[in-house]
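*Asks:* Have a look at this one before I ask anything.
Every number in this text was worked out from the coordinates using simple rules, so none of it is lab data. The model shown is predicted, which means the values in this text are computed figures rather than measured ones. Counting neighbours? That spans all protein chains shown, and the Cβs are built from the backbone with ideal geometry, glycine included.
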Amino acid sequence: MFRTISDFTGAWAYEREATLKLLRNLTDASLAQAVVPGGRTLGRLAWHITGSLAEMGAHAGLRVDGPTDADPQPGAADIVRQYEAASKMVADAVSQSWTDAMLLETIPMYGAQWTRGATLAALVGHQSHHRGQMTVLMRQAGLRVPGVYGPASEEWAAMNLPAQP
């Protein structure tokens with residue numbers, strides 16, 4: 001749970017860039033990659049992350065203009081563009097609309113009462129959860145997977161170091 005706006009915006013800046021690192025490695029051809037037939041595709045996960053920003057923001061009372069899950073999934077470059085815009089709006093909306101004290105207030109979220117600080121933590125956790133799913137699909141699609149919380153195996157190799165187990 002976040003207790004200060006600055007803690008959230010600092011974490012969000014890192015998490016936003018981590019998500020953009022993945023999204024920028026997607027190709028239009030890779031968007032159809034799925035683990036199993038009928039399962040969520042790489043494109044669907046990328047679009048879901050993007051669409052959830054406006055959706056969760058609206059539930060929390062924040063104005064975040066952006067696509068929704070229901071909008072048709074665009075190509076890889078457009079997913080990046082729309083994520084960049086919507087994710088910047090998240091940080092701006094939180095900074096401009098909420099105060100540190102407000103993070104302890106409860107708001108209705110998905111049939112329950114969450115604090116605003118817990119809502120922001122859920123937004124970060126939701127995104128990182130789906131990024132993890134995306135890395136598996138990216139490997140299956142033959143894409144380079146960038147490190148997020150440390151170097152990926154290719155990055156260890158570029159440093160002439162053995163990949164860590």
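*Asks:* Would you check which residues across region 89-118 are surrounded by 17 or more Cβ atoms within 10 Å (Cβ to Cβ) and either within 18 Å of A13 (Cβ to Cβ) or of a type in the set (K, R) (or both) and list them?
*Replies:* M89, V90, A91, A93, V94, W98, L103, R116, G117 - these are the residues of region 89-118 that are surrounded by 17 or more Cβ atoms within 10 Å (Cβ to Cβ) and either within 18 Å of A13 (Cβ to Cβ) or of a type in the set (K, R) (or both).
Residue-by-condition table, conditions (1) in contact (Cβ under 8 Å) with a residue 60 or more places away in the chain; (2) polar (S, T, N, Q); (3) touching an Asp or Glu at 6+ places or on another chain (Cβ under 9 Å):
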residue	(1), (2), (3)
R3	yes, no, yes
T19	yes, yes, no
T27	yes, yes, no
A46	yes, no, no
L53	yes, no, no
A58	no, no, no
D78	no, no, no
S97	no, yes, no
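*Asks:* Oh, and also: Being crowded, with 18+ Cβ neighbours inside 10 Å and free of Cβ contacts under 8 Å to residues at least 40 places away in the same chain is the filter here; which residues of region 32-43 pass it?
*Replies:* Scanning region 32-43 gives a single hit, G43.
*Asks:* Quick one: in region 56-88, which of the residues that are surrounded by fewer than 18 Cβ atoms within 10 Å (Cβ to Cβ) and within 13 Å of the chain's Cα centre (by Cα) is farthest from A141 (Cα to Cα)?
*Replies:* K88
*Asks:* Against the condition touching a strand residue (DSSP E or B) at 6+ places or on another chain (Cβ under 9 Å), in contact (Cβ under 8 Å) with a residue 12 or more places away in the chain and within 24 Å of T41 (Cβ to Cβ), how does Q82 come out, does it pass?
*Replies:* Against the criterion (touching a strand residue (DSSP E or B) at 6+ places or on another chain (Cβ under 9 Å), in contact (Cβ under 8 Å) with a residue 12 or more places away in the chain and within 24 Å of T41 (Cβ to Cβ)), Q82 does not qualify.
*Asks:* Right, another one. Do we have V148 as closer than 27 Å to S30 by Cβ, assigned to a loop (DSSP other than H, G, I, E, B) and under 13 Å from the mean Cα position of the chain (by Cα) here?
*Replies:* Yes.
*Asks:* Evaluate the following for R144: is it touching a residue at least 40 places away in the same chain (Cβ under 8 Å), among the basic types (K, R) and surrounded by 17 or more Cβ atoms within 10 Å (Cβ to Cβ)?
*Replies:* no
*Asks:* Among the residues of region 2-26, count how many are surrounded by 15 or more Cβ atoms within 10 Å (Cβ to Cβ) and not in a helix (DSSP H, G or I).
*Replies:* 3
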